[in-house]
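What follows is a single structure, written as structure tokens, with notes after it.
The values are calculated or read from the model by the stated rules, or taken from the named source; none is laboratory data. As the structure is a prediction and not an experimental result, all values here were calculated from the model. Here Cβ is always computed from backbone atoms with ideal geometry, including for glycine, and neighbour counts include all displayed protein chains. Remember, those area values only see protein heavy atoms, side chains included, never the ligands or the DNA or RNA. Shrake-Rupley method; radii C 1.70, N 1.55, O 1.52, S 1.80 Å.
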Amino acid sequence: MLGSILRYCLFIALVAAATWGVYQLMETPGAIVVSFANYEYTLTPLAFVVLAAIGFAALLILFKVAGLLLALYRFICGDETAISRFFNRSRERRGFDSLSQALTALAEGDGAKAKTKAEKAERLLERPDVTQLVTAQAAEMSGDLIKARKYYKALAEEKRSSYAGVKGLLELANNDGDEERALKLANQAYQLRPKNAWVLDNLYNLQSRSFDWKGARKTLAEQRRAGLLPKPEANRRDAMLALAQSEDAEELGHHESAKRLAIDAAKLDPLNADAVSKAVRYLVAAGSKRAANRLITKAWGFTPGPQLAAAYAA
């Protein structure tokens, strides 16, 4: 919005400056005398400026015509692509200029302009590998999600741009709240970029929300190995996931597995009173009171509290 206002103000200022310049030329006294081939031409300052502008435009046209004639000569001499290259160069220049304007509009947050310029660049360049991503992002910014999804899918199908396409589709699925589709796309993105921080973070969050504790722990281990999480935070999250796994195993009647997971959770994060209490209960039931005592004493040294006291008393 601010960019559009500034452009309008600049346009008005340029028109005002041009009007003032013409007025000054009309009011300027005197004349300009041009001598050529024994002829003299007397011009007013305004007429001279207009004539100079016409001459400059004529010179530009002359260069274009000369380039076309040269391309035609090369075509006659056997270069079958000379004429097509002549027109394609101009087309490419305009295409890349539109692409540049689309990128600038994206950076400015002007989705409508970005979409218009990206579509123009796509028509002129005929280079989908260059324009599709910009067109998709511009369509998304301007609210045309159907078109954005179409272009992201096209990108995902090409090997060189598959990650960009999948990432765009994943962001759209996240924004739509479609977690089932988002999880599938996050797994695809993981196959393409297994060490990417953004991919791992999305995959971990989606797996956690879909109660895939085993998958989330695997992803968390990848994050830990890649150095994307400090060790205390990684251990805290891992303990929560292991505790959730233990509760699921207990509901299914897999008591040995539930016990092992609860003990893992307590060792990973002694600050997690729920994990410690659960592990102690399992150890006592199995007759391992010394191990239960060591575990709860260690946890008490970090965070003494009523939950741990009740577990110790039990």
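Tally up the residues in the stretch 156-175 that are assigned to a helix (DSSP H, G or I) and open to solvent by 90 Å² or more (accessible area, probe 1.4 Å), please.
So the count comes out to 1.
Asp248 passes all but one of (1) open to solvent by 80 Å² or more (accessible area, probe 1.4 Å); (2) of a type outside the set (A, V, I, L, M); (3) assigned to a helix (DSSP H, G or I); which number fails?
(1)
List the residue pairs whose Cβ atoms are under 7 Å apart, where the first residue sits in the stretch 236-264 and is without any contact (Cβ under 8 Å) to a residue 40 or more places away in the chain, the second is aromatic (Phe, Trp, Tyr) and open to solvent by 70 Å² or more (accessible area, probe 1.4 Å), and the two are 6 or more positions apart or on different chains.
So the pair list comes out empty.
Considering the stretch 198-211 alone, what residues qualify as being open to solvent by 60 Å² or more (accessible area, probe 1.4 Å) and closer than 16 Å to Ser246 by Cβ?
Selection gives Phe211 alone.
Kindly indicate whether any position in the stretch 176-185 is closer than 26 Å to Ala244 by Cα, crowded, with 23+ Cβ neighbours inside 10 Å and out of contact with any strand residue (DSSP E or B) (no Cβ under 8 Å at 6 or more places or on another chain).
yes
So how many residues does the stretch 176-190 have that are over 21 Å from Gly227 (Cβ atoms) and either in a helix (DSSP H, G or I) or touching a Leu at 6+ places or on another chain (Cβ under 7 Å) (or both)?
10
Is it the case, given these coordinates, that Ala292 is closer than 25 Å to Ser210 by Cα, small (Gly, Ala, Ser) and surrounded by 16 or more Cβ atoms within 10 Å (Cβ to Cβ)?
It is false that Ala292 is closer than 25 Å to Ser210 by Cα, small (Gly, Ala, Ser) and surrounded by 16 or more Cβ atoms within 10 Å (Cβ to Cβ).
Quick check on the stretch 218-234. Is at least one of its residues of a type in the set (D, E, K, R) and either surrounded by 21 or more Cβ atoms within 10 Å (Cβ to Cβ) or outside any helix (DSSP H, G or I) (or both)?
no
Just to check your reading of the model, which residue among Ala173, Ala148, Ala182, Ala189 is over 23 Å from Leu106 (Cβ atoms), modelled with pLDDT of 90 or more and not charged (D, E, K, R)?
Of Ala173, Ala148, Ala182, Ala189, the one residue that is over 23 Å from Leu106 (Cβ atoms), modelled with pLDDT of 90 or more and not charged (D, E, K, R) is Ala182.
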